């Protein structure tokens with residue numbers, strides 16, 4: 001199993017306890033104008049709170065003292081971070097280089113995680129330098145097809161921004177940033193990236209005609225990027241966009257998760273990739289007082305272009321369906 005997939009599966013397993021929660025928020029059905037999903041956002045004063053919290057860090061350290069497997073995981077994390085730090089910062093990969101930027105985003109995430117596990121400033125300083133390197137060039141990059149600036153697609157741009165937002169959250173209060181440096185990362189990089197993913201004019205923006213900005217797995221990652229940047233910057237409007245905009249997560253639950261639980265693209269690979277995009281935002285929202293896993297919405301049976309619907313049920317839907325469906329797709333000898 002490669003490192004990419006092992007990271008994804010650790011995130012998958014981390015999300016499972018949340019799904020055991022049985023409460024639900026039911027929304028009144030209004031197919032013409034769906035009711036917004038109401039939420040009471042409570043962003044912690046103390047960072048980090050996107051990918052993990054101080055309490056979760058403490059539990060991870062305690063487990064490493066008591067369990068061999070936990071110590072192996074932390075030792076591996078630190079070893080990877082040390083490998084990253086061995087390479088001094090020079091220039092970022094060329095624009096449009098894939099997977100170069102995504103791999104670098106993962107390394108920044110890993111170094112930021114290493115800082116939280118050790119409190120060694122060298123990891124935070126290396127992460128800071130990488131984030132500032134991106135912030136220095138990002139505003140001057142052209143917006144390609146209204147979709148991306150430094151990657152080769154809006155999908156890969158969103159994956160990168162998710163990683164960078166999580167990394168910044170883990171080192172923002174480490175003491176290695178000046179106020180001016182924080183402002184550059186927050187405004188010139190994170191907030192500036194939102195233009196790649198957010199649509200404000202749903203009548204005239206040409207991206208609305210593209211299903212990648214409505215219902216494909218791309219949109220899940222777009223929403224994750226917008227939502228995580230919103231949580232990082234404590235911007236409720238961005239968080240609300242990720243959840244309640246016309247093609248936000250509320251729409252995804254009601255329209256794009258079929259009633260058998262499989263994502264509408266009908267591929268278990270795309271299904272898992274969709275879950276990988278939902279987990280970072282849904283987990284961060286849980287840490288900020290919003291349990292999106294527990295929310296139920298009425299199904300949206302409207303047709304969108306070639307997005308065909310096969311639902312035969314009018315039962316409410318929830319994110320839980322995404323997690324249950326693969327269990328029914330397993331072979332008996334798994």
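The values are calculated or read from the model by the stated rules, or taken from the named source; none is laboratory data. Nothing here was measured: the structure is a model prediction, and the numbers come from that model. Because the Cβ atoms are built from the backbone with ideal geometry, glycine has one as well, and the counts that use them run over all protein chains shown.
Which one is farthest from the chain's Cα centre (by Cα), of the residues in the range 195-211 that are surrounded by 14 or more Cβ atoms within 10 Å (Cβ to Cβ) and either part of a loop (DSSP other than H, G, I, E, B) or modelled with pLDDT under 95 (or both)?
Among those that are surrounded by 14 or more Cβ atoms within 10 Å (Cβ to Cβ) and either part of a loop (DSSP other than H, G, I, E, B) or modelled with pLDDT under 95 (or both), it is 205.
Considering only residues of the range 215-245 that are assigned to a loop (DSSP other than H, G, I, E, B) and modelled with pLDDT of 95 or more, which is surrounded by the fewest Cβ atoms within 10 Å (Cβ to Cβ)?
It comes out as 234.
What residue, of 125, 157, is surrounded by 22 or more Cβ atoms within 10 Å (Cβ to Cβ) and either at negative phi or free of Cβ contacts under 8 Å to residues at least 12 places away in the same chain (or both)?
The match here is 157.
What residue, among those in the range 274-291 that are touching a strand residue (DSSP E or B) at 6+ places or on another chain (Cβ under 9 Å) and buried (at least 20 other Cβ atoms within 10 Å of the Cβ), is farthest from residue 49 (Cα to Cα)?
Only one residue fits best here, namely 274.
Restricting to the range 79-101, count the residues that are within 23 Å of the chain's Cα centre (by Cα) and within 21 Å of residue 184 (Cα to Cα).
Number of matching residues: 4.
Go through the range 135-144 residue by residue and tally those that are more than 15 Å from residue 180 (Cα to Cα) and surrounded by 15 or more Cβ atoms within 10 Å (Cβ to Cβ).
3
Check residue 271 against each of (1) part of a helix (DSSP H, G or I); (2) under 28 Å from residue 168 (Cβ atoms); (3) at pLDDT 95 or above and name the one condition it does not meet.
So residue 271 meets the others, but not (2).
For the condition under 21 Å from residue 194 (Cα atoms) and either assigned to a helix (DSSP H, G or I) or under 21 Å from the mean Cα position of the chain (by Cα) (or both), what is the one hit in 41, 52?
So the residue among 41, 52 that is under 21 Å from residue 194 (Cα atoms) and either assigned to a helix (DSSP H, G or I) or under 21 Å from the mean Cα position of the chain (by Cα) (or both) is 41.
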